[in-house]
Amino acid sequence: MSSEHFTKPIAQGSKLIANKKMQLTERQQKVVDKLNELEIPFDIHFHPPIPTIEEALNYWKEFDSTHCKNLFFRNHKGNRHYLVIFDCMKQLAIHELEQRLKQGKLSFASEARMDKYLGLKPGSVSPFGIINDEEHHVYLYIDKNLLKSERLSFHPNDNTATCVISKDDLIKFLDTMGNGYEFIDLYEE
């Protein structure tokens, strides 16, 4: 189980060069274009579709990064939406998460809401989805423990690839996109 690895050169205006076997999907291209625009270096690793963390671990073992789990929630009224990001090796109970976030009762957002606010499908959720959230509706809660990692990995809005960027460049991306976010303690280390 190997993945194809492509690295974006750091220079502005550079292009991601993929071989003829691997074409970027429209969602992946949108992420690559935004990262290039922001001059954020990244690595993309291509692999078969991997909708679950368990399946992804077979491919991610080669990557030098902390792999993140991204869960999309809505509040009880359905008028607020949250993207919760944490280390994929950790588990969070929704009741405990509700207490930590102090946003009332939470439930997983529907596929329709995921598409409306992030432009994504289940299994492909990542912070890069806020590229599609032009009204900055989605608020991000990111576990503070991820600040200890130098590099983080996420799907580039499609689960047939994994994008690795530095922690600092994730913050740069979030600051540029304009959605609210905060680093919080989601679990005890």
> Helix 26-37 versus the longest principal axis of the chain: what is the Cα-based angle in degrees, 0 to 90, to the nearest 10?
Replying inline: 80
> Roughly how many debye, to the nearest 20, is the charge dipole of the chain about its Cα centre, given +1 on each Lys and Arg Cβ, -1 on each Asp and Glu Cβ, and no other charges?
Replying inline: 400
> Anyone know which of Met177, Met89, Met114 comes out most mobile in the 10 Å Cα GNM of the chain?
Replying inline: Met89
>> If I model a spin label as a point 7 Å beyond the Cα along the Cα-Cβ vector, how far apart are those points for Glu39 and Leu57 in nm?
In response: 4.0
> Taking K and R as +1 and D and E as -1, what net charge do the other residues with C-beta under 14 Å from the C-beta of Lys69 add up to?
Replying inline: -3
> Quick one: helix 167-177 against the long Cα principal axis of the chain, what's the angle to the nearest 10°, folded into 0 to 90?
Replying inline: 70
> So which residue, out of Asn157, Asn79, Asn36, gets the largest mean-square fluctuation from a GNM of the chain using Cα contacts under 10 Å as springs?
Replying inline: Asn79
> Taking 0.36 nm per intervening residue step and subtracting the Cα-Cα distance, what contour gain separates His136 from Asp175 on full extension?
Replying inline: 12.9 nm
> What is the diffusion coefficient of the stretch 94-174 in µm²/s, taking the Kirkwood radius over Cα pairs and the Stokes-Einstein relation at 25 °C with a viscosity of 0.890 mPa s?
Replying inline: 175
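Taken together, the values in this text are just the output of simple stated rules run on the coordinates, not laboratory data. Keep in mind it's a predicted model, so treat the numbers as computed, not measured. FYI the Cβ positions are ideal-geometry reconstructions off the backbone, even for glycines, and counts take in every protein chain you see.
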